[in-house]
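K.L.:
Handing you a structure now.
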Amino acid sequence: MTILSPTFAHEHPAGLVTDGVTELLRSHARSLIATALEAEVASVIAELKAAGSDVIRNGYLPERSVTTAIGDVTVKVPRIRSNDGGGVNFTSTLIPKYLRRSRSISAWAAYAYLKGVSEADMAQVLEVILGEGAKKLTPSVVSSLKKEWTTSFEAWKKRDLSQSTFTYLYADGIYQQLRGDNPKLCVLVIVGVDDAGNKHLVALEDGVRESAQSWREVLLDLKSRGMGAPTLAVGDGALGFWSALSEVYGTTRHQRCWFHKGSNVMNYLPKSVQGKARADLQQIWMSPSRAEAHTAITLFRNKYEDKYPKAVGCLTKDTDELLAFYDFPAAHWAHLRTTNVIESTFATLRHRTIKVKGAFSKESAMAMLFQLGIEAEKSWRKIKGSERLAEVISGVSFSDGEAEMLAG
């Protein structure tokens, strides 16, 4: 289960401080506006043709920026021309000709944008981003936007995976608050590392409390679409994912997430000793060899077992799975010890939308999370030492991060 993770901010040269979620929202805004403009111009062309005009699309007006509460968003307004030589004056109601700055800029625009996945909220969101012109959204434009999000998500869930090789998988459950006091939505997320070292969003499904059956259905679906067995999977020890993985992909190794494990161990310790205990845990997973990691585990047990046996038991029950990364290239260790790629992508969105009552229905929450994941995928970095993946795929054995030489 995903828990709170840090949000990292950075400063642009112009002094604008932003974060990863804001960048994703800005990218979403560009995509959303482009889709809305295409739907609008298609509607206008249909009306003109119905009135007897012979008109067609004619490229775009020069690109320009519109300032919004989530930063400058670049837009390109479509043009229309007549085949009989007559001029056609198309003015978008979404992006007026001389609009350069949204007239409804406020700190809550990003939150309102998050609400925009649902069809009922779409006009309101575009009004926040684009100004009064968005009030002229027609039902056909709103319908086209909704269809675009839904269609792309459904097509993505059916894509062929037989040409992809995912050496490593990350799995986690994201809990998303729905309307009012309704139960939370549990979203099962899988991210994979391909044979070139690139990370991809592999699965995004709503489940039932991260149950083994829910994970089993997700994995069986991936297998039916051609996904082969990964070499290693990384996840939280509380997941029903592990029993499902053993059934569907029996050869895949298990690696427990140290971020989750550390938090679970801290739950059994008083705050007065948590600082030292975290440092002791770090000595384990930062050890250069499995043997030294075992020595650090023994030290942890000796220091805390008498007073805090549950904390020690929580750590030691998964020793083999916690140290599985030692059987893989050392360059990959930093990528194999946690499921951070999932947490850093989805956790901030989850914590913000929980505070906005009524923000999402189940369907719109899934569509928004999908859009967030796909946008985040574009910025995920390739794992270090990606050239060593070929050895892992071919079955080369590693010991303490080094490839073992075959006997002559």
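K.L.:
Just need a number here: residues in region 228-237 that are in contact (Cβ under 8 Å) with a residue 40 or more places away in the chain and either part of a loop (DSSP other than H, G, I, E, B) or open to solvent by 10 Å² or more (accessible area, probe 1.4 Å) (or both).
P.N.:
From region 228-237, those in contact (Cβ under 8 Å) with a residue 40 or more places away in the chain are 228, 230-237; that's our starting set.
Remaining after also requiring either part of a loop (DSSP other than H, G, I, E, B) or open to solvent by 10 Å² or more (accessible area, probe 1.4 Å) (or both): 228, 230-231, 236-237.
Residues in region 228-237 being in contact (Cβ under 8 Å) with a residue 40 or more places away in the chain and either part of a loop (DSSP other than H, G, I, E, B) or open to solvent by 10 Å² or more (accessible area, probe 1.4 Å) (or both): 5 in total.
K.L.:
When region 173-227 is examined, which residues are found to be part of a loop (DSSP other than H, G, I, E, B) and modelled with pLDDT under 90?
P.N.:
Our first condition is that a residue be part of a loop (DSSP other than H, G, I, E, B); within region 173-227, this holds for 177-184, 195-198, 208-211, 225-227.
Across region 173-227, the qualifying residues are Q177, L178, R179, G180, D181, N182, P183, K184, V208, R209, E210, S211.
K.L.:
Do any residues in region 290-307 that are within 22 Å of P270 (Cβ to Cβ) and of a type outside the set (A, V, I, L, M) have Cβ atoms under 6 Å from those of residues that are open to solvent by less than 80 Å² (accessible area, probe 1.4 Å) and not in a loop (DSSP other than H, G, I, E, B), where the two are at least six apart or on different chains, and which pairs are they?
P.N.:
F300/D280; R301/V312; Y304/A311; Y304/V312; E305/V312
K.L.:
Condition first: at pLDDT below 70, crowded, with 16+ Cβ neighbours inside 10 Å and of a type in the set (S, T, Y). Can you find one or more residues in region 29-49 that meet it?
P.N.:
No - not one qualifying residue is present in region 29-49.
K.L.:
Cβ-Cβ below 6 Å, separation at least six or inter-chain, first residue in region 255-274 and touching a residue at least 12 places away in the same chain (Cβ under 8 Å) and of a type in the set (D, E, K, R), second crowded, with 16+ Cβ neighbours inside 10 Å and in a helix (DSSP H, G or I): which pairs?
P.N.:
Note: pairs meeting the criteria are R256/E321; R256/L322.
K.L.:
Please go through region 330-364 and pick out each residue that is modelled with pLDDT of 95 or more and in contact with a strand residue (DSSP E or B) (Cβ under 6 Å, 6 or more places away or on another chain).
P.N.:
L336, the sole residue that qualifies.
K.L.:
Now a separate question. Determine which member of the set R301, R290 is more than 34 Å from the chain's Cα centre (by Cα) and either polar (S, T, N, Q) or surrounded by 14 or more Cβ atoms within 10 Å (Cβ to Cβ) (or both). Walk me through it before giving the result.
P.N.:
Numbers: R290 fails: more than 34 Å from the chain's Cα centre (by Cα).
Step by step, each of R301, R290 is checked, and only R301 is more than 34 Å from the chain's Cα centre (by Cα) and either polar (S, T, N, Q) or surrounded by 14 or more Cβ atoms within 10 Å (Cβ to Cβ) (or both).
K.L.:
Within region 382-396, which residues are open to solvent by less than 20 Å² (accessible area, probe 1.4 Å) and either assigned to a helix (DSSP H, G or I) or charged (D, E, K, R) (or both)?
P.N.:
Here is the first cut: in region 382-396, the residues open to solvent by less than 20 Å² (accessible area, probe 1.4 Å) are 383, 385, 389, 392.
Within region 382-396, L389, V392 qualify.
K.L.:
Ok, one more. State which residue is nearest to A403 (Cα to Cα) when the search covers only region 308-330 and only residues that are free of Cβ contacts under 8 Å to residues at least 60 places away in the same chain and in contact with a Lys or Arg (Cβ under 6 Å, 6 or more places away or on another chain).
P.N.:
L323
K.L.:
Taking T338 and the conditions (1) open to solvent by 20 Å² or more (accessible area, probe 1.4 Å); (2) over 28 Å from E404 (Cβ atoms); (3) not aliphatic (A, V, I, L, M), which numbered condition does it fall short on, given that it satisfies the others?
P.N.:
It is condition (2) that T338 fails.
K.L.:
May I ask you to list the residues in region 370-408 that are closer than 20 Å to P288 by Cα and among the charged types (D, E, K, R)?
P.N.:
K384, R388, D400, E402, E404
K.L.:
Can you tell me how many residues within region 238-295 are of a type in the set (A, V, I, L, M) and assigned to a loop (DSSP other than H, G, I, E, B)? So that I can check it myself, show each step before the final result.
P.N.:
To start, the set of residues in region 238-295 that are of a type in the set (A, V, I, L, M) comprises 238-239, 244-245, 248, 265-266, 269, 273, 277, 279, 281, 284, 286, 291, 293.
Going one step further and asking which of them are assigned to a loop (DSSP other than H, G, I, E, B), we end up with 238-239, 269, 286.
Looking only at that region, the number is 4.
The values are calculated or read from the model by the stated rules, or taken from the named source; none is laboratory data. All values derive from a computational prediction rather than experimental measurement. Positions of Cβ are backbone-derived with ideal geometry, glycine not excepted, and every protein chain shown enters the neighbour counts. When the accessible area is computed, the model is the full protein with side chains, heavy atoms only, and any ligands, DNA or RNA have been set aside. Shrake-Rupley method; radii C 1.70, N 1.55, O 1.52, S 1.80 Å.
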